1. Which net charge results when you count Lys and Arg as +1 and Asp and Glu as -1 among the other residues whose beta-carbon is under 13 Å from that of Ala68?
2. Would you mind calculating the relative contact order of the chain from Cα pairs under 8 angstrom and at least 6 residues apart, reporting the percent as a whole number?
3. Which pairs in the list Lys53/Lys223; Lys60/Lys240; Lys284/Lys335; Lys335/Lys374; Lys89/Lys240 are over 30 Å apart, alpha-carbon to alpha-carbon?
4. Count the net charge of all other residues whose Cβ sits under 12 Å from the Cβ of Glu371, scoring Lys and Arg as +1 and Asp and Glu as -1.
5. List the extent of the Cα atoms of the stretch 282-365 along each of their three principal axes, largest first, rounded to whole Å.
6. Do the sum for the chain: with -39,500 (n - 2.57) for every DSSP H run of n ≥ 4, divided by all residues, what is the mean residue ellipticity at 222 nm, to the nearest 500 deg cm²/dmol?
7. Using the Cα centre of the stretch 152-267 as origin and beta-carbon charges of +1 (Lys, Arg) and -1 (Asp, Glu), tell me which of Asn219, Leu177, Pro254 is placed farthest towards the positive end of the dipole.
8. May I ask for the Kirkwood hydrodynamic radius of the stretch 152-267, worked out over all distinct Cα pairs and given in angstroms to one decimal?
Amino acid sequence: MGTQTTQVAVLGAGPGGYAAAFYAADLGMQVTLIDEERNPGGVCLYRGCIPSKALLHVAKVMDDARHAHAWGVDFGEPAVDVAKLRSFKQGVVDKLTGGVGHVARLRKVTFLQGRATLTGPHSLTVAGQDGDTDVQFEHCVLATGSCPTRIPSLSLDSPRMLDSTSALELPDVPASLLVVGGGYIGLELGTVYAALGSQVSVVEMTPGLLPGADRDLVNVLHKRLEKLCAAIMVSTKVVKVAEEANGVRVTFDPPAEPVFDRVLVAVGRRPNSDIPGLASTRVKVDARGFIETDAQRRTAEPTIFAIGDVAGEPMLAHKASHEARVAIDAIAGHKAVFEPAAIPAVVFTDPEIAWCGLTEAQAQAEGIAVEIAKFPWGALGRAITIDRPEGLTKLVLEPKTGRVLGVGIAGSGAGELIAEGVLAVEMGATAEDMKLTIHPHPTLSETLMESAEVFFGQSTHVYKPKRK
Ligand code: NAD
């Protein structure tokens, strides 16, 4: 058995874990990063954000090509070479994971491939291919991520049943696909398969898609998905799945029993807090399975920190990588706490939906008085030139001061545009700041400026006088 001592051991090399390891190394600490994969990357790079975005990019190109006949250009129906598409996606994953591995070596981070078991507040063992390694650490950062939630009534041992991991492997393009769960994953992967030619149906048990998101934004997406999908069923639950010779028979409530080629289950994710040996420490796990931490992401065991999906909602890569810096700063003795005013959320469908800060529904639920300013993209030159007038930009503002409390965008490129909203909320910007900031013309970013002008009843392109 090998042994080593390190200042910081990081368990899990996703965007939380590798950001923690790299930052610790940049601060001059000796770091060991542990993961079961050959390179850092985690779910995000191997089985999540990155491969799904590669496929969504292709889906968008195909949709645009199909739509081009409306502009007088006919490419014909796109032909898909699934093997080549798969290898493009795999190439993206290999390039990024290999790149992050290279950067780890440049930083002299020791990377251990294997499964770790905690053995106490200062030690763990890694079972690797070449045997076990004992690691003594001063501090440890748990960044073990999350995995798809499994529901017993939807558990069927069949290649016809997919989760986000197997769906991203792109086994083939099924004739029909039922997506169970109208959340982030269901809608993103449903969009990919629909573009590739599957008849996609979505079933969501709550009354609307993306339950946590603003309804004005979701409505924009819903309308477009209705054209893309064979069916969108809300307020509908899947009660049972059973394999038959020609597919999976799915029992719904309200009752219906259609058959689908494949079923993709995307009903949420759960934290990977069942870390072997966790009981040898004082780390506490809450009722939902998240590791409990303070504002610095320190657990009840003072030497151990937890970040990312395993440490609480929202389960987003960028939240993890920011928590990583806070935890490492805390270990370094710097003053740091994790208290963002806005964490952006983006659903990479087409159109994209993105929001940050306070939502209108949240303000209502919490009794916070807000004023809403909306700018419809149909009034914007750039949106018309790209033939995407259906978008909406929405500001949630403090009535007296016009301070920007939240921003929501539905439309092409919303995921890029929201960064300005995040900065506005974080900097305590007001509608006046956004209005007076010169935005480039003609761009979709003007919708942020114009929605701020709507607050004053002075939007150049929307006539909506302020009520006296
Ligand atoms: P989700 O929570 O976004 O959506 C799951 C949906 O399934 C919910 O709308 C829920 O009401 C529905 N549901 C649950 N049980 C059901 C049932 N029996 N029948 C029908 N519907 C049911 O979860 P997800 O899509 O699996 O994604 C998990 C997490 O991964 C997200 O919360 C997000 O944090 C992360 N993620 C983020 C992105 C992104 O940032 N673009 C993309 C993918 C995943």
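The values are calculated or read from the model by the stated rules, or taken from the named source; none is laboratory data. This structure is a prediction, so every number in the text was calculated from the model and none was measured. Here Cβ is always computed from backbone atoms with ideal geometry, including for glycine, and neighbour counts include all displayed protein chains. Areas reflect the complete protein model, heavy atoms only, side chains present, ligands, DNA and RNA absent. Shrake-Rupley method; radii C 1.70, N 1.55, O 1.52, S 1.80 Å.
1. Cβ neighbours under 13 Å give a net charge of -3.
2. Details: 1012 pairs, mean separation 64.3, N = 468.
Relative contact order comes out at 14 percent.
3. Working: Lys53/Lys223 22 Å; Lys60/Lys240 33 Å; Lys284/Lys335 24 Å; Lys335/Lys374 39 Å; Lys89/Lys240 33 Å.
Violating the 30 Å Cα-Cα cut-off are Lys60/Lys240; Lys335/Lys374; Lys89/Lys240.
4. Result for the neighbourhood of Glu371: +4.
5. 44, 29, 26
6. It comes out at -9500 deg cm²/dmol, rounded to the nearest 500.
7. Highest projection toward the positive end goes to Asn219.
8. Result for the stretch 152-267, one decimal place: 14.0 Å.
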